[in-house]
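Remarks on the structure that follows.
The values are calculated or read from the model by the stated rules, or taken from the named source; none is laboratory data. Nothing here was measured: the structure is a model prediction, and the numbers come from that model. Don't worry about glycine lacking a Cβ; one is built from the backbone with ideal geometry, like all the others, and counts go over all protein chains shown. We work out accessible area using only protein heavy atoms, side chains counted, and drop any ligands, DNA or RNA first. Shrake-Rupley method; radii C 1.70, N 1.55, O 1.52, S 1.80 Å.
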Amino acid sequence: MENLIGLLVLVPLAGAGALLCGGRRLDRGGPWLGTLAAAVSFALGVVLFADMLGKGGEERTLDVTVFQWVPVGSFRADVGFHLDQLSMTFVLLITGVGSLIHLYSIGYMAHDERRRRFFGYLNLFLAAMLLLVLADNYLLLYVGWEGVGLASYLLIGFWQHKPSAATAAKKAFLVNRVGDMGMSIAIMLMFTTFGTFAFGPVLTAADRAGEGRLTAIALLLLLAACGKSAQVPLQSWLGDAMEGPTPVSALIHAATMVTAGVYLVTRSGAVFEGAPDAQTAVVTVGAVTLLFGAIVGCAKDDIKKALAGSTMSQIGYMILAAGLGPVGYVFAIMHLVTHGFFKAGLFLGAGSVMHGMNDEVDMRRYGGLRKYMPVTFVTFGLGYLAIIGFPGLSGFFSKDKIIEAAFAKGGTEGWILGGAALLGAAITAYYMTRVMIMTFFGEERWRPAPSPDEPSAEPAAGDRAGGMPHPHESPRTMTIPMIVLALGSVFAGGLFSVNDAFLKWLEPVTGHEEGNSPLGALTVTAATMAVLVLGVALAWAQYGRRPVPATAPPGSALTRAARRDLLQDDFNHVVLVRGGEHLTRSLVYLDHKLVDGVVNGTAASVGGLSGRMRRLQNGYVRSYAVSMFGGAAVLIAATLLMRAV
Amino acid sequence: MSFPLLTVTAAVPAAGALATAAVPAARRAAAKWTALVFSLATLVLAGVQLARFDPDAAGPFQLTESHAWISDFGVRYELGVDGIGVVLVALTALLVPFVVLAGWHDADPLEPATPSRRWRPTQGFFALILMVEAMVVISFEATDVFVFYVFFEAMLIPMYFLIGGFGDRAGERTEDEAAAQRSYAAVKFLLYNLAGGLVMLAAVVGLYAVTADQLGHGTFSLTEIVQARGSGRLHFATVTERALFLGFFFAFAVKAPLWPVHTWLPNAMGEATAPVAVLITAVVDKVGTFAMLRFCLQLFPGASTWATPVIVVLALISILYGALLAVGQRDIKRLIAYASISHFGFIILGIFAMTTQGQGGATLYMVNHGISTAALMLVAGFLISRRGSRLIADYGGVQKVAPVLAGTFLVAGLATLSLPGLAPFVSEFLVLVGTFSRYPVAGAVATVGIVLAALYVLVLYQRTMTGPVEESVRAMPDLRVRELAVVAPLIALLLFLGVYPKPVTRILDPAVEHTMSQVHRTDPQPDVRVSNAEGAK
Amino acid sequence: MNPVSYLYLSALLFTIGGVGVLLRRNAIVVFMCVELMLNACNLAFVTFSRMHGNLDGQVFAFFTMVVAAAEVVVGLAIIVSVYRARHSASVDDASLLKL
């Protein structure tokens, strides 16, 4: 079994290596090769899972040290894996959803000439993500952490010929790097505090480190989580990341990579529990982001960006739950898994719609598509019901528990957090209903595809550009993954909740406490249902009863701000981009004028002085004679003077 | 007497330089092959050195050679390598064949039919490169301060001609303007380094005076001085030690280069051809940081500790300042030069953090920086030679027409920004951890450097490689076989050392620990003791 | 007669020669003034020889004469060749020896 863990990472890595270095020979079979690598690692994951189920609760953890990576003095970083129930959950989610999305991409990317590389990058992503969740120390986790950042960079910027895609990719990497900075300082702090950064020793010894130190480590880890999981204040990259191909948005920017922050907080539970202030920071970040994302999601007309806002908001729920401590860990991870199903399904549905609509992304140009794309409609609809928390579907079980846990925090804090979570649920219902209605219902507001000279979003559009769209159902390779994910969004939550199966599965790793909410569980559920109905009704009143205008109305100040991501980008632009440009430009100037100037100035003054001195050498014999006489006179005078004294 | 391996390792490229220079004017190809063969022979000898070097052997230096040279002044021809020296000799010997191969056409006369018989730029170019190699190798091997000083300075002569005599195609500038800028850069390089060298000369003389005064006979031998210090026969007065330390350090700081004596580097790297730029930053500059470890720290431990706070601050400024200036550059090669300044800041920071991790990281960093910058600069050189311009704005969408070139550029760039999995990450992280455990604030500030590194690398990549295809690069050919043969091994090495740096750290570590013990510093201990049982879970 | 008076005369002659060298432009005159200064020195040497009662000063006077003779040979040759080249005997016209 130990060897299988290494293989789990190695198979997609080898796939990536083969696809990226293999040259044109692999152009044809590349997509299938990539999908095969993903499927093999999923199969390995299932084997390990079965093996784990066969063992008792305490023996389920597997630890493997493969080799010493960086041994320098007392600093020891090993390449070692740690497989427990928590990482197992992630492994299955990553490889499972990953394989489905590979399959989907075969159809989706069929017309792209660089698809071999696309699959190479996807494989690279899988390998890095698996490394992230399987690592047994923070430094190796950091390798995976940056590795997924790289894969995300490459995939967001996959259509590099579009400047917007290249910019978005760069932005994602940079914002993530800011978070990574937190991660690397956290690791350094762990090293100076504990002399190691392996999970086992750090987490067991955490309670001896003193609260101040733990708070610092926890806050730095939170910064890292914010970067990777697009939480306020490092959320600005996620919306732009939608420049990438849609399967990428589904896999990386919805189901797996962006949830790495939740994994980090859950994994480092012992550190956070020793630092209540940091936990408060975590729940604040979660609550703020879940509202922020939801509000942004309401205003976007671009279907992918609306879904991106929703992703941000849902991860806000998870972070909120993870920040609550043992009361929330299990539900954070459960919501993470169910969200992985329905959000990936929704994105794939969006991709399918775009595929049929000449890659149009503006929902105001959709409408009435349910007749033309029945499979997409049904799977998207099930995902929709799941995300808004329709009773019986996945999202209902997981989100309801988080809201309950938020109330259970107790005191004013509990009321604020619970209120925010409830409000978030209402807004979720509102914006998702809006997406649903604008896309699949109402009259057809289609328009001809942009003419070929405009840079089109997806290259496949090239062939069909110019005419009115002919919406059609997508090929089998695309619909099958959508159906599987839709099944997951319907049943996963229910299955997890039978006998509290998921809770019992994860409890040995994360620990669990029952929260006692000031409101009863039933009251919370009822309140959730009420706000759900409210949100849906509001959206229906606004978009279902009246025709949707094909161009966006100006809207209120809030709407306008929300369309611009609540002005966060403008802030970044003015403060960071402009400020940075000024700083670098003035430094370049200073380097030239000041640092170089001092040296050049010295040289120039020596030169100038020599120029002056040179004038004395005028070539007139008589002036030389004068200086000789003068010199002799001075010498004689000096001699006499010395004598006299 | 055993086989003088170290002398031969330095003599082979020197002989190669003479042989290359002697090739008749008309047979340029023969000159290139001669240079390549000799540089490969040096690589083999460096490999033999590595193989015969025993990391665990006692005593500071191995493979030593010692002969009287100028006995009146106590100058001895003493060579010897420790772990750091042997690895850096290997790095030098490894990079030079790539430099030769990458510069294969850089010194071809513009008009092939130049009739003059005496005009032999190609021969000169390769002979000078080999000359530099010989001098760098012997600088890494010298354990006598005087021998080191002689070659440390003599290196400037061939470098001066390489920078001033050979450059890129003029591009938008006229030939005269280009030549003027080249000669400006070459003179600047020479003056800065001469100034540093002169200050060092004064310190070398001072060192001799002190030893002559206290030991009865003047000596320049590193081993002898260190031993005499250890046994108490030699004692520096505090002021003398500090003055001598500053004299040595100034020369090495110019060479390294450290802010604020860095401005020669962007000019020199910008004007020189890419292979020569690699020679400057990856090979010659390493002598500066290497000498800090070997001479500054071992000869003057007390003064090193005294100067540490200031040097740490200067190194931090170098890191951030170099990175910020790299962001603001419009010229590809100058950008890489400023990035190097930032990286040298990391190396110096690691050295003066005085922790095992910091110094181990710094020495490893020297190797990794050599490889990664060589890869990045050489690919940039291939790019520039195709378009004839160094300005970033003249490129765009290159990945569409030359995907392999763009791919290798990206990997080299990612190595420069220290992406985990590639070699520089390991060393950069070690430096950061080492610094953090002694000076937390400095470590945290230096970490900002990794964000800035991402910024300048990705901006460079985005502007040159992505976006719509620029008209002028539309017909750009992808990497040729010769060029791929240069880049691919470097990238493979970056990947290998990123995943498994142990072969190198194993050789470096004992030497680093020896240095640490010379400076009488020990690592800070963690605040919380974690027992072994917990560690093993 | 008091020998010191000869010294005063010598100083006077030397000063006349020096002022002539500094102020006159004609190379021949400058040359003559240099001779005057040399002879002023000779006078001083001889006077000192007399005052101190030994022959050193007279020996030196002979040396000076020999040097002066050699100088005349070289100096006049230079002046003549400069005059041939430039048709002028002014020392200010020969000012090419500068940067």
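Below, the figures for the structure above:
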quantity	calculated
Taking chain B and dividing mean pair separation by its residue count, relative contact order in percent (alpha carbons under 8 Å, at least six apart)	15
FRET efficiency, B:ALA393 to A:GLU513 (Cβ-Cβ, R0 60 Å, nearest 0.05)	0.50
From phi via Karplus (6.51, -1.76, 1.60), per-residue ³J(HN,Hα) for region B:443-455 in Hz, x at Gly/Pro	x, 5, 5, 4, 4, 4, x, 6, 6, 5, 4, 4, 4
Förster radius 25 Å - calculated FRET efficiency between A:LEU558 and A:ARG364, Cβ distance, rounded to 0.05	0.85
Restraint check, A:LYS171/A:LYS343; A:LYS171/A:LYS228; A:LYS305/A:LYS343; A:LYS593/B:LYS188; B:LYS32/B:LYS188, Cα-Cα greater than 18 Å	A:LYS171/A:LYS343; B:LYS32/B:LYS188
Karplus 3J(HN,Hα) series, Hz, for region B:306-312 with 6.51 cos²θ - 1.76 cosθ + 1.60 (x for Gly, Pro)	4, 7, 3, x, 5, 5, 4
Pairwise label distance in nanometres, B:GLU177 with A:VAL634, each label 7 Å out on the Cα-Cβ vector	4.8
Per residue Cα convex hull volume in Å³ - calculated over chain C	107
Shielding by other protein chains, A:179-191, mean Cβ within 10 Å	5
Percentage relative contact order, chain A, counting C-alpha pairs under 8 Å, at least six apart	12
Area accessible to solvent at B:ARG529, 1.4 Å probe radius, in Å²	150
Exposure ranking of A:MET468, A:MET318 by accessible area [1.4 Å probe, largest first]	A:MET468, A:MET318
For chain B, convex hull volume per residue from C-alpha positions, Å³	155
Solution diffusion estimate, µm²/s, Stokes-Einstein, region B:1-42, Kirkwood Rh from C-alpha pairs, 37 °C, viscosity 0.692 mPa s	302
14 Å cut-off, amide nitrogen to a point 7 angstrom out along C:ALA85 Cα→Cβ, residues in region A:601-632	none
Eligible aspartates and glutamates near A:LYS300 by straight Cα distance, threshold 16 Å, same-chain separation 8 or greater	A:ASP240, A:GLU243, A:GLU360, A:ASP362, A:ASP565, A:ASP569
Extension reserve of the A:ASP277-A:HIS111 stretch, reckoned as 0.36 nm per residue once the Cα distance is removed	54.6 nm
Accessible area (Å², 1.4 Å probe, nearest 10) - A:ARG365	50
Long-range Cα-Cα pairs in region A:219-315 (distance over 15 Å), rounded percent	57
Residue list for region B:192-225, given a label point 7 angstrom along the Cα-to-Cβ vector of B:ASP72 and an amide N cut-off under 20 Å	B:202, B:204-213, B:216-221
Environment charge at A:GLY269 (Cβ cut-off 15 Å; Lys +1, Arg +1, Asp -1, Glu -1)	-4
Pairwise centroid distance, computed over Cα atoms, of region B:426-442 with region A:365-441, Å	46
Distance cut-off 46 Å, percentage of C-alpha pairs in the protein assembly as shown lying past it	47
Per-residue SASA entry for A:ARG434, accessible area with 1.4 Å probe, Å² rounded to 10	0
Built amide H within the under 5 Å cut-off of B:ASP331, gap 5+	B:ILE392
Residue-by-residue Karplus 3J(HN,Hα) for region A:299-305, coefficients 6.51, -1.76, 1.60, Hz, glycine and proline x	9, 6, 9, 6, 4, 6, 6
Region C:1-55: translational diffusion in µm²/s, Stokes-Einstein, Kirkwood Rh over Cα pairs, 4 °C, 1.567 mPa s	111
Centre separation in Å (Cα based) which lies between region B:125-190 and region B:311-343	22
Long-range amide H partners of B:VAL23 with built H, under 5 Å	none
Prolate/oblate/rounded call for region A:1-274, Cα gyration tensor, a/c under 1.5 rounded	oblate
Nearest 10 degrees, 0 to 90: helix C:27-52 Cα axis against chain C principal axis	10
Those lysines that a straight Cα-Cα span of less than 20 Å connects to A:LYS409, excepting residues fewer than 8 apart in one chain	A:LYS399, A:LYS401
Surrounding net charge for A:VAL498, when Lys and Arg each add one and Asp and Glu each subtract one, Cβ distance under 15 Å	+1
Accessible area, probe 1.4 Å, largest first, for residues B:GLU177, B:GLU65	B:GLU177, B:GLU65
Among A:277-284, A:344-351, A:602-609, B:404-411, the order from most to least packed when residues are scored by Cβ within 10 Å on average	A:344-351, B:404-411, A:277-284, A:602-609
